[in-house]
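Every number here is computed from the coordinates shown, using simple stated rules; none is lab data. Here the structure is a predicted model, which means the values were calculated and not measured. All Cβ positions, glycine included, derive from the backbone under ideal geometry; neighbour counts span all protein chains shown.
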Amino acid sequence: MGIGRIAIILSSLAAGVALVSCTATPPFSQASQAQVARADGEASLEAVYSRLAQAGGRVIRLDARSSAVRIYAFPAGSGAKFGHSHVLSAPQFTGYIYLPTGAVASTRFDLEFRLDQLEFDDPDQRSALGGAFASALSPDAVEDTRTHMLGQGNMQADRFPYVRVHSLQISGESPKFAARVQLEMHGQTREMWVPLSVEELPDRASVTGSFVLRQTDFGAKPYSVLGGLLAVQDELVIEFKLVGN
């Protein structure tokens with residue numbers, strides 16, 4: 001194989017590495033996202049839980065400042081070592097928990113956040129995680145990753161800005177529970193079971209859990225180049241600690 005041919009292959013591989021780790025795709029429109037309301041016509045969560053409070057029981061409003069929602073994405077393919085793992089966080093969200101005076105089965109919770117409000121690869125979060133997340137990413141690389149993951153080739157945040165979680169069924173006993181939840185993302189809904197650890201104190205309550213989300217289950221296409229040599233894993237790990245009072 002000639003030197004020129006080798007150079008072409010290496011150049012293509014380098015381009016693919018740049019794409020998969022921090023790809024720039026056509027940017028999504030911040031203006032159009034800001035205009036998107038709850039498209040399903042449902043009443044706001046505040047109104048729903050206000051009615052529940054009037055029926056009796058305790059309503060807890062989740063505090064985003066005291067809570068943490070983390071999304072972890074990983075490189076894939078035989079060239080994964082050239083890519084980066086990423087951590088996303090939701091510093092803003094709306095969420096409520098309803099604790100009835102009766103059976104646990106009547107407990108309800110809801111959480112929603114916007115994809116365009118996610119933070120990508122916060123340096124302090126990456127440093128605290130260590131391991132595959134320990135490497136520092138430049139501001140340009142972080143912005144390219146954001147543009148790629150929220151753009152038309154992946155999450156399509158322009159069309160589907162919201163991620164919503166709504167509980168359908170609660171079982172178990174304090175402090176360990178299982179929740180069957182309905183998850184809405186990318187314009188589609190799916191159901192799954194999520195294990196929860198709940199701590200309830202007189203002045204606050206916290207809910208901790210984690211689950212795995214497959215992007216293709218919601219019609220989103222994980223990014224890949226060079227026939228899958230370099231790609232983003234379909235599976236995302238979601239961790240959360242939700243605190244409210």
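The table for this structure:
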| read-out | value |
| --- | --- |
| Relative packing of peptides 239-245, 97-103 - highest average C-beta neighbours within 10 Å first | 239-245, 97-103 |
| Extended-chain gain in nm, criterion 0.36 nm per residue less alpha-carbon gap, Asn245 and Thr189 | 17.3 nm |
| Cβ-defined net charge surrounding Leu168, 14 Å radius [Lys, Arg +1; Asp, Glu -1] | +1 |
| Gain upon complete extension [Ser171, Ser135; 0.36 nm per residue less C-alpha separation] | 8.9 nm |
| Protection proxy ranking, peptides 199-207, 160-168, average beta carbon neighbours within 10 Å, highest first | 160-168, 199-207 |
| Those lysines that a straight Cα-Cα span of less than 25 Å connects to Lys221, excepting residues fewer than 8 apart in one chain | Lys81 |
| Packing-based order for 79-87, 120-128, using average beta carbon neighbours within 10 Å, highest first | 79-87, 120-128 |
| Net charge of Cβ neighbours under 14 Å - reference Tyr72; Lys, Arg +1; Asp, Glu -1 | -3 |
| Rg(Cα) / (2.2 N^0.38 Å) computed for region 87-178, rounded to two decimals | 1.44 |
| Spatially proximal lysines relative to Lys176 (Cα-Cα < 20 Å; intrachain offsets below 8 disregarded) | Lys241 |
| Directionally averaged projected area (convex hull, Cα atoms, region 102-245), nm² | 10.5 nm² |
